[in-house]
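To keep things clear, I will list the structure first and then write my remarks on it.
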Amino acid sequence: MKELLPLLSRPSRYLGNEWGTVRKDPSTLQARVALAFPDMYEVGMSYLGQKILAQAVNERPRMQAERVYAPCVDTAAILREHGAPLATLETDTPLARMDAVAFSLTHELCYTNVLYMLDLAQIPLHAEERLGGDWPLIMAGGGACFDPEPLAGFMDLMVLGDGEVALPEILERAAAARAAGTPRAELLRQLTGIPGVYVPSLFAWDGPGKPVRPLLPGYARVEKALVPDIENAPFPTSPAVPFGQAIHDRFTLELARGCTRGCRFCHAGMVYRPVREKTPERLEAQLVEAVSATGFEEVSMLSLSTGDYSALETLFDTTFSRCAAEQVTISLPSLRVGSLSERIMGRMASIRRTGVTLAPEAGSQRLRDVINKGVSEEALVAHVRTLFEHGWQQVKLYFMIGLPTETDEDLDAIADLCVKVRDAAGRHVKRLQVTAAVSPFVPKTHTPFQWEGQIGMDEIRRRVYRIKDALRPYKRITLKYHQPEMSYLEGVFSRGDRRLGPVIESAYRKGALFSSWRDHLKLEPYMEALAEHGLTPEEYQAPRNPEAPLPWDHLDCGVSREFLLTERRRALAGSITEDCRYGACRNCGVCSMDGRKSRLTAQAAKTEIRPRMVFFKRDQEDGPDVRVEGYEAGQEPPAAPTGEAPDAAPKPDLSERQAQYRIWYEKLNEAAYLSQLELQSILERALRRTRFPLSFSAGFHPMPRISFGRALPVGVESRSEWFTLTLRENLAPQLVLSGLAAQMPHGLTPLRIEVMGVLERTKQAVREDFLVRYSGSAQDIARWQGQWAELMARESFVVERKSKNGPKPTDVRALVAEARPEGPDALRLTLDWANDYMSPVNLVRAVNAPITPLAAHLLKTGQEFAGG
């Protein structure tokens, strides 16, 4: 696949040589797995789950995890045209030659992309078609696997729950089976002994209204895999650092897993119970190691409800100053109203105050009680007022429409609440903006609302327009809403059954791809596919009978059906259920502590299943954290904070300039396909990893003082590139050169260094030398070399090229100082940029037209400055 890089748009998506990638000697490996994310690189590189799985596998000396993402449709067309199969990033190995391909299913609208990737990999789509060949195991995990029935016919197995323990064990058993010559069907039966492993072919389904039947004795119910103690679970502190701009381009630190707030619509809050936290000491160590190892400028402290982490005050106090000193910002997503103290708000405000997101979910208190949100209007307005007082100016509020029992009065309450939030800002908030983001409710499996219906597209639009009309008179309030077609489609597959497998395949054949992207979603292929198979969306979106079997009843997340039905009854009665971490236990079925019997029997037999949290307990809103419980009995707790943040050391002047250097480097192999913007990000992070005293620009977003030479076109190699670097201290040049070399990814190698004046301005080259190497028949190469001889004999050769102001006539002959053959297949080229500039790639294509990108390879060999 990598031989086609010159033809691909955004080739950096497919390089696989990012900083932090793991490479091992293939001869030492017993198992290799492709971790497949069914979306593009920039989305997949933001997903923490894939990074955790890679860490869990790569910790094993004889295993390797590699990555693969869904290519864009243009790249897929090029792969098909050249007969090239989809391959892994790290080693360019076709997926069909891997031992396993493990998909991460984060939502239902990625299902056609799974088939797309298997098809591009030239792997049979259906599990039964792979029984007789030497195909990799095709498996999946992730939140959507708690109702995987629509994909049952395509997967050999799926993993429910925490995959970091299950995946290495699956690979180990698969390697042993391969060595022993064990048939695939027998291997699948053996894998059922691993907690969380679901083999769809070992269950049968007789149609709507019928329960799923087990075909293997003793395998009637699949319990989710659970890591009871994430404190010591595999976690990546040196993951691959993305080249391109990832959607969430930052280091993600997992504080906790699970949530017991009990929001009745929330799938993740039910299936990832119980709550399990890491200690502040472990988190601080992981953060320090990660910032040093990756060079990220931002750290996101993540969990399902970050503000509920029981030692947040302590963690923030111990990490804030360290991050601020290194120009690393901290973000706290997934915040619940009232979960941040004023101390934390104040310290965050000193770093960055871009915007904050809160999720009241419903406008009226009545409906918030129905969904068990546990947020009052008074608390929300008070929380927002405090944010405004600390300098925040933008607030986004998330709401759902179509919730069970919702009325028009509840819709009007959304508008009323937005106005009250806006009015909580004083006159000092000059750039005030309140955004209401509205999404239709989609019923999810394993929740108290799994039996409820979903409103249709016309009703979604009516409710959105009602809110829009109500907000129309008010300034500084913007309404945004989720695409109705997307939610409509999600509602079909979120509670689907095996009849939808052929629908997914038909929709894929009709062109349904990247359906979670607004500009790619096509509803027509899905509607046509449903009709062809005698199905309608409404039968999947309709309410379900609580007494009837459900297609996912055989898949056990630990939360019992009885608990969900009780919570449904409490919802319809408008009753609140307290968080069991702080209130009474409601016997959901997960925990085995205090004499309770967990539904997760296999894992409860090994260890007690209980919440792992409450290291510190806040006695009052702004008071200190006090440790009340640790992981181990008798563990000596550290001293609790006094309630006042420690005095910070005097901050250095980060804009000071003491030394400037010009560093020359080469850009070879895969690195040639990095754009200038990507190169800048890579270099900034490499410099952060060196721990050099970088000089930063002034302003709200300080940046390291780096300047570059003329941008090299993507795909062109060079042995003569440079950039300038300014430091706050005068370091020995060779120390700078060697320190940077140790932090650069493959293909980017510093060669030499020059000391410049601290305020010396940089100059651009007026001449550049290139070696053009041709690939083709002897006749073609002779013709291309001859075209250069013809050019040099002419006085002018004018072509039109694109510019910012439209087409621009350019005399190519005036730009070529020298062109002479070098050997049978190359050309030495000197280009003169004294009066004009043109991309060397476009220049070569203009002279040698027609020529394909695969036929001419450019290498810059030198450059000359004016007067040099």
Over region 829-853, the set of residues open to solvent by 70 Å² or more (accessible area, probe 1.4 Å) and either assigned to a strand (DSSP E or B) or closer than 20 Å to Pro6 by Cα (or both) is Asn842, Arg845, Pro850, Thr852
Being surrounded by fewer than 17 Cβ atoms within 10 Å (Cβ to Cβ), touching a Lys or Arg at 6+ places or on another chain (Cβ under 9 Å) and of a type in the set (Ser, Thr, Tyr) is the filter here; which residues of region 708-756 pass it? Thr749
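The rows are residues; the columns are (1) under 23 Å from Thr445 (Cα atoms); (2) modelled with pLDDT under 95; (3) of a type outside the set (Asp, Glu).
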{"position": "Pro473", "(1), (2), (3)": "no, yes, yes"}
{"position": "Val492", "(1), (2), (3)": "yes, no, yes"}
{"position": "Arg499", "(1), (2), (3)": "yes, no, yes"}
{"position": "Val503", "(1), (2), (3)": "yes, no, yes"}
{"position": "Glu528", "(1), (2), (3)": "no, no, no"}
Pairs with Cβ under 7 Å, 6+ apart, first in region 724-747 and without any contact (Cβ under 8 Å) to a residue 40 or more places away in the chain, second among the hydroxyl-bearing types (Ser, Thr, Tyr): Ala741/Thr749
Tell me which residues, restricted to region 131-157, are of a type in the set (D, E, K, R), modelled with pLDDT under 95 and either within 25 Å of Asp74 (Cβ to Cβ) or open to solvent by less than 20 Å² (accessible area, probe 1.4 Å) (or both). Asp147
Over region 160-173, the set of residues open to solvent by 10 Å² or more (accessible area, probe 1.4 Å), in contact with a strand residue (DSSP E or B) (Cβ under 6 Å, 6 or more places away or on another chain) and within 19 Å of Gln64 (Cβ to Cβ) is Gly163
Some residue of region 604-611 being β-branched (Val, Ile, Thr), part of a loop (DSSP other than H, G, I, E, B), surrounded by 21 or more Cβ atoms within 10 Å (Cβ to Cβ) and modelled with pLDDT of 75 or more: yes
Identify, from the list Arg80, Arg60, the residue that is over 16 Å from the mean Cα position of the chain (by Cα), over 30 Å from Ala529 (Cα atoms) and of a type in the set (D, E, K, R). Arg60
If we ask which residues in region 8-34 are under 20 Å from Leu513 (Cβ atoms) and open to solvent by 30 Å² or more (accessible area, probe 1.4 Å), their number turns out to be 2
Working only within region 702-722, note down all residues that are free of Cβ contacts under 8 Å to residues at least 40 places away in the same chain and not in a strand (DSSP E or B). Met703, Ala711
Report every pair of residues separated by at least 6 positions or lying on different chains whose Cβ atoms are under 7 Å apart, first residue within region 330-351 and more than 23 Å from Glu297 (Cα to Cα), second modelled with pLDDT under 80. Ser341/Glu621; Ser341/Asp622; Glu342/Asp622
Unique match (being over 32 Å from the mean Cα position of the chain (by Cα) and not charged (D, E, K, R)) among Pro168, Pro200, Pro234, Pro208: Pro208
Pairs where the first residue, in region 357-385, is touching a residue at least 60 places away in the same chain (Cβ under 8 Å) and the second is outside any strand (DSSP E or B) and of a type in the set (D, E, K, R), C-beta under 7 Å, 6+ apart: Glu361/Arg368; Glu361/Lys373; Ile371/Arg264; Asn372/Arg264; Gly374/Arg261
Out of region 311-331, which residues are of a type in the set (Asp, Glu) and open to solvent by 30 Å² or more (accessible area, probe 1.4 Å)? Glu326
Condition set of a type in the set (Ser, Thr, Tyr) and surrounded by fewer than 22 Cβ atoms within 10 Å (Cβ to Cβ), scope region 35-59, selection farthest from Glu18 (Cα to Cα): answer is Tyr47
Criterion first (assigned to a loop (DSSP other than H, G, I, E, B), touching a Lys or Arg at 6+ places or on another chain (Cβ under 7 Å), under 29 Å from Thr601 (Cβ atoms) and open to solvent by 20 Å² or more (accessible area, probe 1.4 Å)) does Leu304 satisfy it? no
State yes or no: is Glu128 open to solvent by 10 Å² or more (accessible area, probe 1.4 Å), more than 25 Å from the chain's Cα centre (by Cα) and touching a residue at least 12 places away in the same chain (Cβ under 8 Å)? yes
Please find, within region 771-817, the residue that is most open to solvent (accessible area, probe 1.4 Å) out of those that are assigned to a strand (DSSP E or B) and in contact (Cβ under 8 Å) with a residue 60 or more places away in the chain. Arg773
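Yes/no per residue for (1) of a type outside the set (A, V, I, L, M); (2) assigned to a helix (DSSP H, G or I); (3) buried (at least 18 other Cβ atoms within 10 Å of the Cβ):
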| position | (1), (2), (3) |
| --- | --- |
| Pro333 | yes, no, no |
| Ser339 | yes, no, no |
| Leu367 | no, yes, yes |
| Gly374 | yes, no, yes |
| Ala379 | no, yes, no |
| Leu387 | no, yes, yes |
| Lys396 | yes, no, no |
Name the residue that is surrounded by the most Cβ atoms within 10 Å (Cβ to Cβ), counting only residues in region 428-487 that are in contact with an Asp or Glu (Cβ under 7 Å, 6 or more places away or on another chain) and assigned to a loop (DSSP other than H, G, I, E, B). Pro448
Can we say Asp519 is within 29 Å of the chain's Cα centre (by Cα), among the acidic types (Asp, Glu) and open to solvent by less than 40 Å² (accessible area, probe 1.4 Å)? no
Restricting to region 238-251, name every residue that is open to solvent by 20 Å² or more (accessible area, probe 1.4 Å) and either under 30 Å from Tyr198 (Cβ atoms) or among the β-branched types (Val, Ile, Thr) (or both). Ile247, His248
Qualifying position, being at pLDDT below 85 and either in contact with a helix residue (DSSP H, G or I) (Cβ under 9 Å, 6 or more places away or on another chain) or outside any loop (DSSP other than H, G, I, E, B) (or both), among Glu666, Glu621, Glu678: Glu621
Checked Leu572, Leu564, Leu654 against criteria (under 33 Å from the mean Cα position of the chain (by Cα) and at pLDDT 85 or above); the one match is Leu564
For region 15-50, give me each residue that is assigned to a helix (DSSP H, G or I) and not aliphatic (A, V, I, L, M). Pro26, Ser27, Thr28, Tyr41, Glu42, Gly44, Gly49, Gln50
Pull up region 74-110, narrow it to residues that are in a loop (DSSP other than H, G, I, E, B) and free of Cβ contacts under 8 Å to residues at least 60 places away in the same chain, then point me to the one that is surrounded by the most Cβ atoms within 10 Å (Cβ to Cβ). Thr106
Of everything in region 398-424, what is open to solvent by 40 Å² or more (accessible area, probe 1.4 Å) and touching a strand residue (DSSP E or B) at 6+ places or on another chain (Cβ under 6 Å)? Give them in sequence order. Tyr398, Arg422
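The values are calculated or read from the model by the stated rules, or taken from the named source; none is laboratory data. Not measured: the values here are computed from a predicted model. Note that each Cβ is placed from the backbone with ideal geometry, even for glycine, and that neighbours are counted across all protein chains shown. The area values use the complete protein model at the heavy-atom level, side chains included, leaving out ligands, DNA and RNA. Shrake-Rupley method; radii C 1.70, N 1.55, O 1.52, S 1.80 Å.
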